[in-house]
1. Keeping all protein chains in place and using 1.4 angstrom, which order do 80, 69, 29 fall into by accessible surface area, from largest down?
2. With viscosity set to 0.890 mPa s at 25 °C, what whole-number translational diffusion coefficient in µm²/s follows for the chain from Stokes-Einstein and a Kirkwood radius over Cα pairs?
3. Can you give the accessible area of residue 104, probe radius 1.4 Å, in Å² rounded to 10?
4. Mind checking the dipole of segment 41-98: about its Cα centre, +1 per Lys or Arg Cβ, -1 per Asp or Glu Cβ, Debye to the nearest 20?
5. Can you bin segment 9-60 into rounded, prolate or oblate? Criterion: square roots of the alpha carbon gyration tensor eigenvalues sorted a ≥ b ≥ c, rounded for a/c under 1.5, prolate for a/b above b/c, oblate for the rest.
6. Within straight cross-link reach of residue 69, meaning Cα distance under 21 Å, which lysines are found once same-chain residues fewer than 8 apart are removed?
7. In square nanometres, what is the average projected area of the Cα convex hull of segment 41-143?
8. In whole angstrom, how far apart do the alpha carbon centroids of segment 1-61 and segment 95-120 sit?
Amino acid sequence: MTDEDNKIIAEPRTSFGKGAARKLRAAGKIPAVIYGHGAEPQHVSLPGHEVFLLIRKSNALIDLDIEGKQQLALVKDVQKDPVRQIIEHLDLIVVRAGERVQVEVAVHVEGEPVSGTTADLDTFSLLLEVLATNIPTSVVVNIEGAEAGTQILAKDIALPAGAVLVGDEDQLIVAVSVPEEQDLGDSLSAGDASTSDAPTPA
């Protein structure tokens with residue numbers, strides 16, 4: 001659920017274009033658009049510092065106050081300046097209490113496989129359907145003591161309560177294997193041989 005840290009005051013905006021957006025950012029604010037539920041898009045400005053702190057968490061849910069009217073919104077897209085990493089624009093989607101949404105949730109690996117093996121994370125996130133007001137920050141894959149040849153698929157992961165996997169349940173998430181050894185001696189010998197056979201510069 002939302003809490004006081006998620007509450008943001010949004011101000012409606014009527015000026016658009018690059019110039020207007022530049023003025024907003026210079027004043028420490030971020031232009032944003034709110035979409036969803038068949039309503040006309042709402043153009044608002046948000047306080048930059050508060051929003052920056054909120055979106056450090058993926059799938060951030062914001063409790064907006066728009067001229068005294070409360071509105072829950074999910075952050076769907078963040079546009080940043082590629083050099084300065086300043087937030088330039090946000091796309092938000094309207095959500096309602098009890099509504100379910102589809103979101104990408106990060107995969108977090110815990111534990112260590114048996115000695116001499118490595119674990120390769122093949123999929124970094126899972127598409128889940130969850131309550132909009134109860135979006136998990138991550139799903140956990142425990143590989144403690146996993147042996148070579150172990151493959152963990154999407155269907156093997158214990159999901160948070162109320163979450164439903166969307167997509168291929170046989171998608172590979174983590175594979176445990178023994179690293180292939182490289183014969184550096186042969187490679188070095190081959191390199192020496194090619195060097196010794198090279199013609200002497202005139």
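1. Result of the area sort, largest leading: 69, 80, 29.
2. 118
3. We get 100 Å² for residue 104.
4. 200
5. Numbers: a/c = 2.19, a/b = 1.01, b/c = 2.17.
Because a/c hits 1.5 or more and a/b fails to exceed b/c, segment 9-60 counts as oblate.
6. Qualifying lysines at Cα under 21 Å: 7, 29.
7. Working: hull surface 36.1 nm².
Convex hull of Cα atoms, orientation-averaged projection: 9.0 nm².
8. 28
The values are calculated or read from the model by the stated rules, or taken from the named source; none is laboratory data. From a predicted model like this one, the values you see are computed outputs, not experimental measurements. Positions of Cβ are backbone-derived with ideal geometry, glycine not excepted, and every protein chain shown enters the neighbour counts. To get the accessible areas, we keep the full protein, side chains included, count just its heavy atoms, and leave off ligands, DNA and RNA. Shrake-Rupley method; radii C 1.70, N 1.55, O 1.52, S 1.80 Å.
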